[in-house]
1. Looking at (1) away from ligand 2 (no atom under 14 Å from the Cβ); (2) within 16 Å of L184 (Cβ to Cβ), which is the one condition that is false for V253?
2. Of the numbered conditions (1) open to solvent by 10 Å² or more (accessible area, probe 1.4 Å); (2) under 19 Å from F148 (Cβ atoms); (3) within 21 Å of the chain's Cα centre (by Cα), P236 satisfies every one except a single condition; which is it?
3. Looking for something without any contact (Cβ under 8 Å) to a residue 24 or more places away in the chain, in a loop (DSSP other than H, G, I, E, B) and open to solvent by 30 Å² or more (accessible area, probe 1.4 Å) - is there at least one such residue anywhere in region 195-212?
4. Please go through region 98-109 and give me each residue that is open to solvent by 40 Å² or more (accessible area, probe 1.4 Å) and either among the acidic types (D, E) or more than 9 Å from ligand 1 (Cβ to nearest atom) (or both), ordered by number.
5. Quickly run through region 129-160 and pick out the residues that are assigned to a loop (DSSP other than H, G, I, E, B) and either within 16 Å of ligand 1 (Cβ to nearest atom) or not assigned by TED's automatic domain parsing to the domain that holds D116 (or both).
6. Identify, please: which residue in region 214-223 is open to solvent by less than 10 Å² (accessible area, probe 1.4 Å) and either part of a loop (DSSP other than H, G, I, E, B) or within 14 Å of ligand 1 (Cβ to nearest atom) (or both) and is, among those, farthest from A196 (Cα to Cα)?
7. If L280 meets every condition in (1) more than 25 Å from the chain's Cα centre (by Cα); (2) more than 16 Å from ligand 2 (Cβ to nearest atom); (3) modelled with pLDDT under 95; (4) not acidic (D, E) apart from one, which number is that one?
8. Testing V368 on (1) more than 16 Å from I95 (Cα to Cα); (2) modelled with pLDDT of 95 or more; (3) surrounded by fewer than 16 Cβ atoms within 10 Å (Cβ to Cβ), one condition comes back false. Which one is that?
Amino acid sequence: MNTGRRGFFGRSLAAGGIAALAAQHPKIAAASGGLDGKPLEVPDWTKMLGPGVTAAPYGAPSEFEKDVVRRNVPWLTVSEQASINFTPLQDLDGIITPSGLCFERHHGGVPAIEPDLHRLVIHGMVRQPLIFTMSDLVRFPSVSRIHFLECPANGGMEWKGAQMAGVQFSHGMVHCCEWTGVRLSTLLEEAGVAPAAKWLLAEGADAAAMTRSIPLDKALDDVIVAYSQNGERIRPEQGYPLRLIVPGWEGNVQVKWLRRLKLGERPWQHREETSKYTDLMPDGKARQFTFVQEANSVITAPCPEKPLKAKGFCEIRGIAWSGRGKISRVDVSLDGGANWQTAELQTPVLDKCLTRFRLPSRWQGGPVFLQSRAIDETGYVQPTIEQLRQVRGVNSVYHKNSIHTWRVNQDGSVDNVQVL
Ligand SMILES: Nc1nc2c(c(=O)[nH]1)N[C@H]1C(S)=C(S)[C@@H](COP(=O)(O)O)O[C@H]1N2
Ligand SMILES: [Mo]
């Protein structure tokens with residue numbers, strides 16, 4: 001590949017490509033007249049009226065997009081109530097994840113919560129304990145923010161080597177939505193936090209009663225008690241009717257089906273922050289409270305699910321994100337990290353949000369080792385797998401954000417590999 005480009009596809013797609021396709025497919029033959037001066041033929045769907053406006057009061061994707069779905073991995077699915085599925089990153093454009101395609105992680109299944117019966121309690125070290133209904137919460141001043149949300153186990157199956165067969169499974173524990181709700185600081189002000197309080201406990205109303213301790217500094221900074229996702233009320237699987245959004249921090253603290261917030265002096269040492277969601281280091285000690293999702297990126301086109309089908313122009317596309325702030329640069333390598341080119345970032349580039357990058361390129365047919373490397377506004381550079389292993393060893397599960405490699409083969413197929 002190189003980036004020199006003179007006309008995107010040459011003549012191949014303009015004339016020869018379509019003629020070849022048309023020869024194989026009668027519907028394309030009908031739709032692709034016109035190049036010889038005759039008018040385009042009229043396809044079936046233009047000859048009759050379609051269904052009317054009330055046919056689908058709530059819209060759904062085209063029937064031809066039925067393969068764009070969340071998927072799970074059988075060996076990670078012991079029970080569907082305590083499991084995970086993955087966002088189909090290979091099929092998405094831009095930075096917003098459609099609500100129905102957001103990966104899901106549940107520890108006790110999805111509760112069916114009646115919003116009128118749901119309550120949020122704030123108690124512990126406060127001047128005035130408070131209990132809110134959903135309609136109370138919606139009356140408060142609101143904010144809308146676009147943030148990624150990533151499970152720290154994203155990529156965690158590949159500490160010891162490449163193993164997942166596609167980008168959906170290697171990186172699909174991330175989604176990015178517009179969240180609307182009340183700033184947690186607004187609610188805490190209402191309750192009056194005691195000066196000695198330093199931590200906050202968040203608890204969910206699901207069967208797992210997921211519970212995590214969060215430092216008060218973060219709670220007062222940019223945390224949102226959210227009731228809407230991408231413009232409508234949060235989907236049941238994402239926490240309906242109320243969830244905590246803790247921008248840039250590991251998914252586990254972003255408690256869904258939120259029902260209780262307690263103020264205290266120190267962390268509560270719950271199961272999710274002792275036996276789980278800790279990082280086992282090479283010396284046998286475990287790091288605790290590693291909240292931030294460090295800068296990460298991946299190329300989504302091409303990828304194993306989207307092989308290259310033709311030589312010539314190819315736009316390399318991907319996503320980058322950082323829990324510390326904005327992405328400031330993404331570099332792309334075509335030779336396994338020896339040489340780097342700077343990709344274009346699509347604006348707006350937002351704080352703790354997916355950022356789309358693109359690099360125009362040309363594929364000449366030979367094998368290519370594709371990598372992307374994200375750099376955030378704090379200067380943090382996404383590490384190589386070797387650099388990460390030097391610090392972390394290979395006994396961790398969480399927080400594996402190393403540079404990822406796709407090998408584009410001679411025939412355009414793409415494999416997940418690790419380059420050392
Ligand atoms: N109440 C509750 N909150 C929860 C969970 C849960 O099982 N119960 N799972 C957590 C984990 S581990 C992650 S990664 C995120 C996943 O959010 P999502 O389902 O919107 O993708 O929710 C977190 N919040
Ligand atoms: Mo998670």
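1. (1)
2. The number of the failed condition is (2).
3. Step one: filter region 195-212 for residues without any contact (Cβ under 8 Å) to a residue 24 or more places away in the chain, giving 195.
Remaining after also requiring in a loop (DSSP other than H, G, I, E, B): 195.
Cutting the leftovers down to open to solvent by 30 Å² or more (accessible area, probe 1.4 Å) gives us 195.
Within region 195-212, one or more residues are without any contact (Cβ under 8 Å) to a residue 24 or more places away in the chain, in a loop (DSSP other than H, G, I, E, B) and open to solvent by 30 Å² or more (accessible area, probe 1.4 Å).
4. Quick first cut of region 98-109, residues open to solvent by 40 Å² or more (accessible area, probe 1.4 Å) only: 98, 105, 107.
Within region 98-109, just P98 meets the criteria.
5. Here is the first cut: in region 129-160, the ones assigned to a loop (DSSP other than H, G, I, E, B) are 129, 133, 140-142, 151-155, 159-160.
Within region 129-160, C151, P152, A153, N154, G155 qualify.
6. To start, the set of residues in region 214-223 that are open to solvent by less than 10 Å² (accessible area, probe 1.4 Å) comprises 214, 219, 223.
Filter again for either part of a loop (DSSP other than H, G, I, E, B) or within 14 Å of ligand 1 (Cβ to nearest atom) (or both), leaving 214, 223.
Details: I214: 15, V223: 20 Å.
That would be V223.
7. L280 satisfies all of (1) more than 25 Å from the chain's Cα centre (by Cα); (2) more than 16 Å from ligand 2 (Cβ to nearest atom); (3) modelled with pLDDT under 95; (4) not acidic (D, E) except (1).
8. For V368, the exception is condition (3).
The values are calculated or read from the model by the stated rules, or taken from the named source; none is laboratory data. The structure presented is a predicted model; accordingly, all values stated were derived computationally and were not measured. Don't worry about glycine lacking a Cβ; one is built from the backbone with ideal geometry, like all the others, and counts go over all protein chains shown. These accessible areas exclude ligands, DNA and RNA; they are computed on the full protein's heavy atoms, side chains included. Shrake-Rupley method; radii C 1.70, N 1.55, O 1.52, S 1.80 Å.
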